[in-house]
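The values are calculated or read from the model by the stated rules, or taken from the named source; none is laboratory data. No experiment lies behind these values; they were computed from the predicted model shown. All Cβ positions, even for glycine, are placed from backbone atoms using ideal geometry, and neighbour counts span all protein chains on display. Note: areas computed on protein heavy atoms with side chains; ligands, DNA, RNA excluded. Shrake-Rupley method; radii C 1.70, N 1.55, O 1.52, S 1.80 Å.
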Amino acid sequence: MTTAPIRPPLVRRSDRFIAGVCSGLAAHLGWPVRNVRVGMALATLAGGAGIVFYAWLWIMVPTADESARRQARRPTSPIAPAVSQAPVQAAVRSDVRGWAPGRVPAAGPGMPTSVMPGAGTYPPGPEDPAYAAPGDFAGTTAAAARPPWFQFREMRYGKEILLGAGLLLVAGILIAQILGVDVPLGTLIPAAAVLGGASIAWIQLDETRRAGLVDKTKADQAGGWARLAAGLALVVAGVLVMVSGSGSWEQTWLALLASVAVLGGVVLVLLPWALKFWRDLEAERAGRIRETERAEIAAHLHDSVLQTLALIQRRASNEHDVVRLARAQERELRGWLFADPEKDAGQLSDRIKAVAAEVEDLLGNAVEVVSVGDTAVTEGHEALIQASREAMLNASRHGGGTVSVYLEVSGGRAEIFIKDRGPGFELQHVPEDRLGVRESIIGRMNRHGGTATITSTTDGTEVRLGYPAAAQAEKPSQSTEGKA
Amino acid sequence: MNTTQGAATGPVRPATPVRVVIVDDHAIFRSGLKADLDPSIHVVGEAATVEQAIAVIARERPEVVLLDVHLPGGLGGGGREVIAGSASLLSSTRFLALSVSDAAEDVVAVIRAGARGYVTKTISGKEITDAVYRVAGGDAVFSPRLAGFVLDAFGTAPADIADDELDRLSARELEVMRLIARGYSYKEVAKELFISIKTVETHVSAVLRKLQLSSRHELTKWAAERRLL
């Protein structure tokens with residue numbers, strides 16, 4: 001936090017006393033949290049200004065989570081460039097918020113004054129007072145020239161400008177009143193309350209719609225309801241005050257009672273429709289989600305299974321091809337249906353399965369892999385994988401039937417067994433120039449500190465490959481046996 | 001448990017034909033399987049849903065039920081539910097699970113419900129016939145994949161004496177499971193370990209019992225976590 005030239009965005013942080021406003025503000029300004037808190041407390045003594053400021057920030061500043069979500073949802077904002085002060089600052093900020101830097105326009109002439117006139121060509125850097133490193137009190141001047149609320153406002157767009165204008169209006173009215181101008185407060189305050197309440201409720205509605213009913217979490221909903229209730233309460237209170245201004249309280253209460261009764265009646269009548277509407281909406285939404293899923297599945301099946309089925313029909317006379325196509329398709333479909341996205345990719349079992357699939361595709365005989373335990377692939381394992389590939393190729397080529405592969409990883413030691421049911425062979429009868437078994441399997445394993453054993457009988461051949469846990473991979477040993 | 005005399009080639013076939021019910025929701029697969037089975041196996045009934053299966057099994061009282069793991073109907077429990085619904089017949093009727101899913105969760109669930117074995121649907125006609133005879137004889141049928149599941153679930157270290165007997169495999173059972181996982185037939189396992197086929201069958205049945213009765217909560221957790229196998 002001491003050298004970063006870019007201010008962190010103003011967000012409410014999780015290390016909080018009340019709402020995380022002070023710590024967020026401190027992080028944004030680069031001040032010690034304690035100073036901010038003390039300042040806030042002092043300001044509270046000045047006619048409650050601190051409380052108001054705090055509450056305002058609380059309402060307007062998103063939490064870190066919300067901010068991240070919002071940015072994910074709206075990568076660019078058309079309003080943002082219009083309210084940015086200076087291009088450089090906007091550019092820097094845009095980097096922070098993940099906008100494309102090229103989207104930042106030059107500041108318009110009517111924009112609020114910039115601290116650095118002509119900053120458009122000025123390279124942003126720590127020497128720029130506007131970017132004084134947080135925590136470095138050379139930035140005091142910048143902070144003084146640009147009070148936090150100013151920065152805050154320019155970061156959060158149209159809504160905040162409106163609110164600021166409203167507050168300025170209120171301040172103006174108050175000042176006017178203090179100066180002796182007769183302001184009809186009795187009418188203005190309720191009207192303002194109604195307006196404010198309505199806009200709070202409408203903003204809520206707008207946001208619900210914007211969220212697209214997609215990722216509505218419970219917390220969001222709770223906050224939404226609270227805001228809606230607050231808006232309603234404000235409106236009702238405003239209307240009440242306005243109405244009661246013209247009559248006595250008894251009359252107002254009677255009127256209120258009557259209104260509530262009428263409202264209740266209307267709700268009672270409309271409720272079934274509203275419920276039906278809601279259910280229809282839900283059903284339609286569910287239907288849309290199902291439709292999307294179905295389309296995705298259909299697309300996948302079309303690209304994979306249907307193509308394969310077409311191929312199988314054309315090759316129906318060739319049993320070998322049909323089996324090979326079917327197995328390849330089965331593998332692909334299984335992977336798509338059941339693959340666990342959270343599982344680490346590139347584990348040893350995945351590699352062995354991939355090699356088995358390759359051999360299966362190449363030679364057409366099924367290669368069944370059973371694996372127990374797993375480990376991350378190290379450099380030494382590459383030799384094991386290559387050797388087992390060679391063994392699978394041999395088993396498939398000479399065994400002529402299903403090849404069984406068993407991988408067991410236990411305590412870091414990996415063992416692979418490759419078994420076929422071919423006629424078998426004797427190692428000493430393999431010609432010297434045939435390098436498959438001797439070099440690619442036994443030699444390779446020994447060079448990398450592993451072991452290779454080949455057992456061949458008339459019932460089939462089994463190749464056993466062993467690779468020790470990474471720590472003790474230095475003692476090569478060789479043992480080959482050939483049973484008749 | 002078994003009345004075979006340790007014959008050299010696969011399970012011994014009794015004099016009378018084995019009566020079998022096939023439970024699978026795909027008619028094509030049922031007819032294909034029927035055609036693949038040895039003529040000495042009599043298919044006395046077929047069923048496509050959980051309810052049909054329970055009714056047919058109760059009526060026919062077959063020796064072996066070839067049971068698909070995934071079935072429509074009932075409460076959605078599939079093959080597991082069929083076994084639960086036929087619990088009173090478990091002493092005379094044996095269940096052999098068939099599956100395309102290969103998901104550990106499904107397979108372990110149906111075995112723990114009481115199935116005597118599990119084979120994949122790509123199995124050949126001869127192999128499925130052998131499996132039916134083996135199950136009819138009271139033995140367990142373990143495919144390499146099921147052996148792999150067992151090794152993964154119980155761990156590859158032999159039992160300590162302190163452990164609950166049901167929670168670990170003995171050294172010998174581990175050896176047998178490893179060989180089956182490596183693709184060995186029972187006969188080859190017997191030859192490799194210098195024991196009789198009968199002894200191999202006894203070990204496999206013991207493993208099946210442990211798989212069914214072990215209260216290890218890890219077993220269920222393991223199966224649930226391991227989605228693709």
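Tabulated data
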item: Per residue accessible area in Å² of the range B:18-138, where ligands, DNA and RNA are left out and the probe is 1.4 Å; result: 38
item: Accessible surface of the range A:345-472 [probe 1.4 Å, protein heavy atoms]: carbon and sulfur percent; result: 49
item: Gain upon complete extension [A:Ala274, A:Ala230; 0.36 nm per residue less C-alpha separation]; result: 13.6 nm
item: Accessible area buried at the A-B interface, both sides summed, 1.4 Å probe (Å², nearest 100); result: 1900
item: Local electrostatic count, B:Asp24, Cβ distance below 14 Å [Lys/Arg +1, Asp/Glu -1]; result: -1
item: Inter-chain shielding of B:178-190 (mean C-beta neighbours from other protein chains, 10 Å cut-off); result: 5
item: Interface residues in the range A:362-385 - accessible area drops by 10 Å² or more relative to the isolated chain, probe 1.4 Å; result: A:Glu368, A:Val369, A:Val370, A:Ser371, A:Val372, A:Gly373
item: DSSP-assigned coil residues among trypsin sites (Lys or Arg not before Pro) in the range A:264-334, each with at most 16 further Cβ atoms within 10 Å; result: A:Arg315
item: Total formal charge among the other residues, if their Cβ is under 10 angstrom from that of B:Gly78, Lys/Arg +1 and Asp/Glu -1; result: -3
item: Local electrostatic count, A:Val372, Cβ distance below 10 Å [Lys/Arg +1, Asp/Glu -1]; result: -3
item: Amide hydrogen neighbours beyond the local backbone of B:Gly74, cut-off 5 Å, H modeled; result: B:Val50, B:Glu51
item: Order by protection proxy (mean Cβ within 10 Å, highest first), peptides B:141-153, B:66-78; result: B:141-153, B:66-78
item: Number of partner chain Cβ atoms within 10 Å, mean per residue of B:139-146; result: 2
item: Shielding of B:93-100 by partner chains, average beta-carbon count, 10 Å; result: 0
item: Pairs from B:Lys126/B:Lys198; A:Lys353/B:Lys198; B:Lys126/B:Lys191 whose Cα-Cα separation, in the structure shown, is over 26 Å; result: A:Lys353/B:Lys198
item: Segment A:Arg34-A:Trp202, length gained on full extension (0.36 nm per residue, minus Cα span); result: 56.8 nm
